[in-house]
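K.L.:
Can you keep this structure in mind? I'll have questions shortly.
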Amino acid sequence: MLKGKHLIEPNDFTLNELEEIFTLADSIIKYPEKYLDICKGKLLATLFYEPSTRTRFSFEAAMLRLGGQVIGFSEPNSSSVSKGESIADTIRTVGCYSDIAVMRHPKEGAPKLASKYSNIPVINAGDGGHQHPTQTLTDLLTIRSYKKTISNNVIGLCGDLKFGRTVHSLVKALSRYSNMKFVFISPPELEIPSYITDELIHHEYYQTSSLEEAIPELDILYMTRIQRERFFNEEEYLRLKGYYILDNNKLQHAKEDMIVLHPLPRVDEISSEIDNDKRSVYFNQAKYGMFVRMALIIKLLGGDNIA
């Protein structure tokens with residue numbers, strides 16, 4: 001039973017609980033009319049201390065499509081945060097007015113801190129370079145939908161593996177599934193942190209700087225952008241920005257049933273020329289994000305017994 005729980009990182013849920021969410025998401029995709037009013041009378045608070053398009057819009061769309069309503073802020077300077085209010089006091093106050101809260105914050109651990117003081121479920125929508133669990137649920141649902149199983153796949157993760165919170169969350173989650181092989185593709189400066197690979201004791205993995213060499217063996221390719229906002233040195237960012245660009249030339253060496261994922265937004269790491277390739281599923285992935293967040297909201301608010 002997930003009612004009242006927080007989601008701070010993917011491992012907060014068991015694999016069975018994750019499967020419950022994915023099964024419900026499948027049902028929402030097939031029978032959306034069944035869920036139109038299931039959250040009627042409920043309020044979602046969106047606390048976004050950092051810019052977002054897909055995550056914020058998908059959460060808002062998810063709650064509205066479930067018949068609920070949304071309050072919150074997308075710019076902290078428009079809230080009492082600008083007056084120096086603490087996260088603890090903010091979440092206590094927000095809990096007086098809403099039923100569930102979603103928080104994105106540039107500081108690692110901020111949503112976890114909020115959850116300690118909250119009397120309503122708190123969902124981490126991204127905290128610094130740390131975790132992004134609902135993007136991970138999106139990624140897992142997409143893999144499950146296209147590959148029919150999450151286990152037994154070779155996944156290549158390419159780009160910013162040092163600061164990429166989507167990568168960190170996904171690797172931690174996938175490490176719980178069986179017979180996964182990980183290929184980490186990055187320049188030396190942006191290699192996956194050792195505290196992430198330390199969790200892969202039961203899985204095969206290797207690191208390389210060559211996308212061309214890795215792509216033929218992959219079942220899944222997870223592209224990421226080089227994140228300007230994580231760099232203190234503009235020159236370093238510009239030097240690494242165009243390190244990897246996935247285009248038709250590289251894609252022709254991939255398996256016919258490989259899928260290309262990307263948490264978005266993209267900059268130049270995926271050429272628009274492959275957008276119509278059947279293996280490019282990143283925009284469908286974004287849509288799955290709304291469905292999995294609808295399922296998550298339903299589960300955290302009490303499943304079929306929300307009212």
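The values are calculated or read from the model by the stated rules, or taken from the named source; none is laboratory data. Here the structure is a predicted model, which means the values were calculated and not measured. Glycine gets a Cβ as well: all are built from the backbone with ideal geometry, and neighbour counts include every protein chain shown.
K.L.:
Go through region 43-84 and give me each residue that's of a type in the set (Asp, Glu) and modelled with pLDDT of 80 or more.
P.N.:
The answer is Glu50, Glu60.
K.L.:
Which one is surrounded by the most Cβ atoms within 10 Å (Cβ to Cβ), of the residues in region 268-297 that are under 18 Å from the mean Cα position of the chain (by Cα) and β-branched (Val, Ile, Thr)? Explain how you work it out, then say what you get.
P.N.:
Initially, region 268-297 is screened for residues under 18 Å from the mean Cα position of the chain (by Cα), giving 280-297.
Subset that is β-branched (Val, Ile, Thr): 281, 292, 297.
On the way: Val281: 20, Val292: 29, Ile297: 25.
Checked region 268-297; the qualifying residue surrounded by the most Cβ atoms within 10 Å (Cβ to Cβ) is Val292.
K.L.:
Looking at this structure, is Ile21 among the hydrophobic types (A, V, I, L, M, F, W, C), touching a Leu at 6+ places or on another chain (Cβ under 9 Å), closer than 30 Å to Ile150 by Cα and part of a loop (DSSP other than H, G, I, E, B)?
P.N.:
No; evaluated as a whole, the condition is false for this residue.
K.L.:
Taking the condition of being assigned to a loop (DSSP other than H, G, I, E, B), surrounded by fewer than 22 Cβ atoms within 10 Å (Cβ to Cβ) and not small (Gly, Ala, Ser), how many residues in region 121-149 meet it?
P.N.:
3
K.L.:
Sort out which residues of region 28-46 are farther than 27 Å from Ala114 by Cα and touching a residue at least 40 places away in the same chain (Cβ under 8 Å), and write them in order of number.
P.N.:
Passing the criteria: Ile28, Ile29, Tyr35.
K.L.:
Right, here's the next one. Kindly provide the set of residues from region 220-269 that are modelled with pLDDT under 85 and within 25 Å of Arg144 (Cα to Cα), ordered by number.
P.N.:
Arg225
K.L.:
Next question, about the same structure. With the requirement that a residue be touching a residue at least 60 places away in the same chain (Cβ under 8 Å) and not acidic (Asp, Glu), what does region 10-22 give you?
P.N.:
Result: Pro10, Asn11, Leu15, Leu18, Ile21, Phe22.
K.L.:
Let me ask something additional. Within the bounds of region 154-174, is there any residue that is in contact with a His (Cβ under 9 Å, 6 or more places away or on another chain), among the basic types (Lys, Arg) and either outside the structural domain of His262 (by TED's automatic domain parsing) or touching a residue at least 24 places away in the same chain (Cβ under 8 Å) (or both)?
P.N.:
yes
K.L.:
Does Ile155 satisfy the criteria of being hydrophobic (A, V, I, L, M, F, W, C), under 23 Å from Met290 (Cα atoms) and not in a helix (DSSP H, G or I)? Steps first, please.
P.N.:
Details: hydrophobic (A, V, I, L, M, F, W, C): yes; under 23 Å from Met290 (Cα atoms): no; not in a helix (DSSP H, G or I): yes.
In short, no.
K.L.:
If you take the residues in region 256-287 that are in contact with a strand residue (DSSP E or B) (Cβ under 7 Å, 6 or more places away or on another chain) and among the hydrophobic types (A, V, I, L, M, F, W, C), which one is farthest from Arg56 (Cα to Cα)?
P.N.:
Met258
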